[in-house]
Amino acid sequence: MTALLTVEHVSKRFGGLRAVDDVSLSVGEAEVLFIVGPNGAGKTTLFNLITGFLAPDAGVIRFAGRSLAGLRPHAAARLGIGRTFQIVKPLRNLTVLENVMLGAFLHTRHVAEAAERAREVLGFLQMEAVSALPAHGLPLATLKRLEIARALATRPRLILLDEVVAGLPTSEALALADLLQRLPEWGVSAVAGVEHVMQVVMRVAQRVVVLDRGAVIAEGVPADVVRRPEVIEAYLGAKYKQVTG
């Protein structure tokens, strides 16, 4: 599998805290990779390093063979790296369609073309019924989808999904997971950072990387990774031991 994203021995410190500790990983074309770990494991910091919100203290990050050193977030987006954020912040006085159009304007200045792209994305995410509604007052599950829609409208080759199912009921999380599983149909690789939503991980991820205290402690297919004692101890906890059978 051709690597679209490579992270090589990347570290980031904040004072005495090593938030990302010598992390190496890769994401292939049309692959869905989940980065899992407890709160504070370094998932969001790693996303911020990939997208140019932070600069690494050490290591190299490459996208499509190009070093991302010194690249700012808007340039990373134009290069083809989309992302969502843990805290969903749409422009609440705009409609759902208008919010998604903002992402589409990354590659066009034409309103009609941006609207067409936005409608395509909303159709994929099964959001046509709310496209004309203002973003304020929407339920969390819909706002989560809107966050993904805005990122997809930028036509990314890679999308980073930060705690995208956090706070959702299991039924809503699994419904969203079914859509995320189809992202490769759009030519989009996906990296999702999640905390404790193992049903989604097992359902969607082709491969899993487990972080603990900023370091990679396990990597592999989900069915194998969840059985490893170090993963159960650091991430799943005793109440999840039944996952291993």
ask   = Restricting attention to region 150-167, which residues are in a helix (DSSP H, G or I) and either within 12 Å of the chain's Cα centre (by Cα) or farther than 14 Å from Pro90 by Cα (or both)?
value = Ala151, Leu152
key: Close pairs from region 119-132: first over 14 Å from Gly103 (Cβ atoms), partner assigned to a helix (DSSP H, G or I) and among the polar types (S, T, N, Q), Cβ under 8 Å, at least 6 apart   = Val130/Thr142
ask   = Can you tell which of Lys43, Lys12 is touching a residue at least 12 places away in the same chain (Cβ under 8 Å), assigned by TED's automatic domain parsing to the domain that holds Gly193, surrounded by 18 or more Cβ atoms within 10 Å (Cβ to Cβ) and farther than 19 Å from Ala190 by Cα?
value = Lys12
ask   = Hey, does region 165-187 have a residue that's under 18 Å from Thr51 (Cα atoms) and not assigned by TED's automatic domain parsing to the domain that holds Leu94?
value = no
request  = Determine the pairs where a residue that is on the phi > 0 side of the Ramachandran plot, located within region 56-68, has a partner that is surrounded by fewer than 14 Cβ atoms within 10 Å (Cβ to Cβ) with Cβ atoms under 6 Å apart, the partner being 6 or more residues away or on another chain.
outcome  = Gly59/His9
note = Inside region 99-115, the number of residues satisfying the requirement of being farther than 16 Å from Ile148 by Cβ and in contact (Cβ under 8 Å) with a residue 12 or more places away in the chain is 3
task = Select, from Val100, Val164, Val121, the only residue that is in contact with a Ser or Thr (Cβ under 9 Å, 6 or more places away or on another chain), surrounded by 14 or more Cβ atoms within 10 Å (Cβ to Cβ) and farther than 24 Å from Gly40 by Cα.
result = Val100
request  = Give region 168-199 a look and list any residue that's more than 17 Å from Leu125 (Cα to Cα) and either at pLDDT below 85 or not in a loop (DSSP other than H, G, I, E, B) (or both), or say none.
outcome  = Thr170, Val191, Gly193, Val194, Glu195, His196, Val197, Met198, Gln199
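Here is a check on your reading of the model: is Val210 buried (at least 19 other Cβ atoms within 10 Å of the Cβ) and either among the hydroxyl-bearing types (Ser, Thr, Tyr) or at pLDDT 90 or above (or both)?
Taking the combined requirement at face value, the residue satisfies it.
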inquiry  = Checking Asp57 against (1) farther than 30 Å from Gly220 by Cβ; (2) over 17 Å from the mean Cα position of the chain (by Cα), only one condition comes out false. Which one?
reply    = (1)
ask   = Hey, among the residues in region 78-101 that are in contact with a strand residue (DSSP E or B) (Cβ under 8 Å, 6 or more places away or on another chain) and within 22 Å of Gly193 (Cα to Cα), which one's modelled with the lowest pLDDT?
value = Gln86
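The values are calculated or read from the model by the stated rules, or taken from the named source; none is laboratory data. From a predicted model like this one, the values you see are computed outputs, not experimental measurements. Neighbour counts run over all protein chains shown; Cβ positions are idealised from the backbone, glycine included.
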